[in-house]
Amino acid sequence: WILVLEIYILLGMAEYVSSFITGFQDVVKKDLVQRLPSCKIISIYDGLVHYQYAGNSRDLEKIIYFNNTFFVLKTWKGKGLNFPSMVGAVSSEKKYYLINKGTFRVRFSQENQFAKVDKNIARRAEETVLQNSRLTLDRLSPTTEIWYSIRREGFAFCGQLITKREFTEKNLNKGELRPEIAYLISSFADIQKDDVILEPFCGYGSIPVQLVKKFHFSKLYASDIDNEKISMNSQKKQLKNNPCLDLRQADAFNLSHIEDKSINLVITDPPWGFYEDIGDVKTFYKKMFASFDRILKDEGRMVILSARKEELEEVISELGYKIEACLHTLVNGKKAGLYKIICTNTLES
């Protein structure tokens, strides 16, 4: 069985489904084939990608923005999909499992919510796994899971869960970006190797760390008004003694250490006013853009994450900037927008 499965994968027939944070499907579509050149995307939806990959399945664990990843047993497309017919289709065929030792349970998910099914259907799904593998049943604490999942777009799959990213929010500071979000923001920015980048609200360093680890650029200026955060960031192994990094305490409204028109790209997650007092948010944004306007080159770009979408869009419109692209997502349970903005350098000095 192992030999058959290895041949099956080497022939490029292995399919996977992976979930990721909502709103970033266009970013993932572009980034995934760059990170895994032998990957072939079959279809992509909001928060889910279905693809073929001929390489080692362990490579998929390195994709930072993947949450759950499944080895695909069967997929369906169309209307009126239901669990009884899906279980029947899977039980009528011989199946090979990527993880073939240990314990398992079967789960049913509809539109990202776990669903209850008739006991006879659940039992038939369990018997199919028992008959086609060396796995044993453990409904409480298994080492792997078999999922039947139906999505509202008319896509469904049966797959074996092979990786599950554990979210450790308790290990993050209040307001700190999760690493995978910082990575996706950076990927959205379409960074060029000769870009000079500024992150003026670097906080706990989520964005600078991902930039340094995963992207190629000319220089990065990272700063924050809080000196304690700068001291902490300076000790991180990715940021410590990096020749391409200028890390210092600085007020984002007074970037005196940066020359006029020297920055190609600003990538930042400025304060939202939920965890700190920033006064009137529109006034805050106007001061921020006035500071950026001085240091950005003509047609410089800004990539900004904010949960204050309405206020940010109003200020962008008032200043005559151009929103080149935007997407909407969830960050720490709050609806947020990620904007790619073109600087027209029209502000008065």
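The values are calculated or read from the model by the stated rules, or taken from the named source; none is laboratory data. What you see is a predicted model, and the numbers here were worked out from it, not measured in a lab. Backbone-built Cβ (ideal geometry, glycine too); neighbour counts: all protein chains shown. Heavy atoms of the whole protein, side chains included, go into the accessibility calculation; ligands, DNA and RNA do not. Shrake-Rupley method; radii C 1.70, N 1.55, O 1.52, S 1.80 Å.
In region 76-97, the residues that are under 22 Å from LEU135 (Cα atoms) and touching a residue at least 60 places away in the same chain (Cβ under 8 Å) reach residues that are of a type in the set (A, V, I, L, M) and open to solvent by 60 Å² or more (accessible area, probe 1.4 Å) with C-beta atoms within less than 9 angstrom, at least six apart or across chains, in these pairs: TYR96/VAL4. Here ASN120 clears all of (1) surrounded by 12 or more Cβ atoms within 10 Å (Cβ to Cβ); (2) part of a helix (DSSP H, G or I); (3) not β-branched (Val, Ile, Thr) except the condition numbered (1). Going residue by residue through region 282-293, is there one that turns out to be touching a helix residue (DSSP H, G or I) at 6+ places or on another chain (Cβ under 6 Å) and β-branched (Val, Ile, Thr)? Looking through region 282-293, none of the residues is touching a helix residue (DSSP H, G or I) at 6+ places or on another chain (Cβ under 6 Å) and β-branched (Val, Ile, Thr).
Taken together, the residues in region 233-250 that are surrounded by fewer than 16 Cβ atoms within 10 Å (Cβ to Cβ) and hydrophobic (A, V, I, L, M, F, W, C) amount to 1. Would you check if SER133 is exposed (fewer than 13 other Cβ atoms within 10 Å of the Cβ) and among the hydroxyl-bearing types (Ser, Thr, Tyr)? Taking the combined requirement at face value, the residue does not satisfy it.
When THR128 is tested against (1) farther than 18 Å from VAL17 by Cα; (2) open to solvent by less than 30 Å² (accessible area, probe 1.4 Å); (3) assigned to a strand (DSSP E or B), only condition (3) is not met. Taking the condition in contact with a Cys (Cβ under 9 Å, 6 or more places away or on another chain) and either under 21 Å from MET302 (Cα atoms) or of a type outside the set (Ser, Thr, Tyr) (or both), does LYS219 pass? The answer is yes for LYS219. Restricting attention to region 174-202, the residues being of a type in the set (Gly, Ala, Ser) and open to solvent by less than 10 Å² (accessible area, probe 1.4 Å) number 3.
Within region 198-213, can one find any residue that is assigned to a strand (DSSP E or B) and more than 26 Å from GLU311 (Cβ to Cβ)? Break it down stepwise before answering.
First pass over region 198-213, keeping only residues assigned to a strand (DSSP E or B): 198-199.
With the extra rule that they be more than 26 Å from GLU311 (Cβ to Cβ), the set shrinks to none.
Taking every residue of region 198-213 in turn, none turns out to be assigned to a strand (DSSP E or B) and more than 26 Å from GLU311 (Cβ to Cβ).
Could you go through region 143-153 and let me know if any residue there is of a type in the set (Gly, Ala, Ser), closer than 22 Å to LEU98 by Cβ and open to solvent by less than 30 Å² (accessible area, probe 1.4 Å). Scanning region 143-153 turns up at least one residue that is of a type in the set (Gly, Ala, Ser), closer than 22 Å to LEU98 by Cβ and open to solvent by less than 30 Å² (accessible area, probe 1.4 Å). Selection of region 270-327 for residues being free of Cβ contacts under 8 Å to residues at least 60 places away in the same chain, under 26 Å from PHE24 (Cα atoms) and of a type in the set (D, E, K, R) yields GLU299, ARG308, LYS309, GLU310, GLU311, GLU313, GLU314, LYS322, GLU324. LYS94 - would you say it is surrounded by fewer than 18 Cβ atoms within 10 Å (Cβ to Cβ), over 23 Å from the mean Cα position of the chain (by Cα) and not in a strand (DSSP E or B)? Answer is yes for this residue. Each residue in region 215-232 was checked for being open to solvent by less than 30 Å² (accessible area, probe 1.4 Å) and among the small types (Gly, Ala, Ser), and 2 of them qualify.
Pairing residues of region 52-70 that are under 14 Å from PRO37 (Cα atoms) with residues that are assigned to a loop (DSSP other than H, G, I, E, B), at Cβ distances under 6 Å and at least 6 apart in sequence or on separate chains, gives TYR53/CYS39; ALA54/GLY12; ALA54/SER38; GLY55/SER38. Applying the condition of being assigned to a loop (DSSP other than H, G, I, E, B) and out of contact with any strand residue (DSSP E or B) (no Cβ under 6 Å at 6 or more places or on another chain) to region 103-117 and asking which residue is most open to solvent (accessible area, probe 1.4 Å) yields LYS116. Can you say whether PRO243 is more than 30 Å from PRO142 (Cα to Cα) and part of a loop (DSSP other than H, G, I, E, B), as far as the supplied structure shows? In short, yes.
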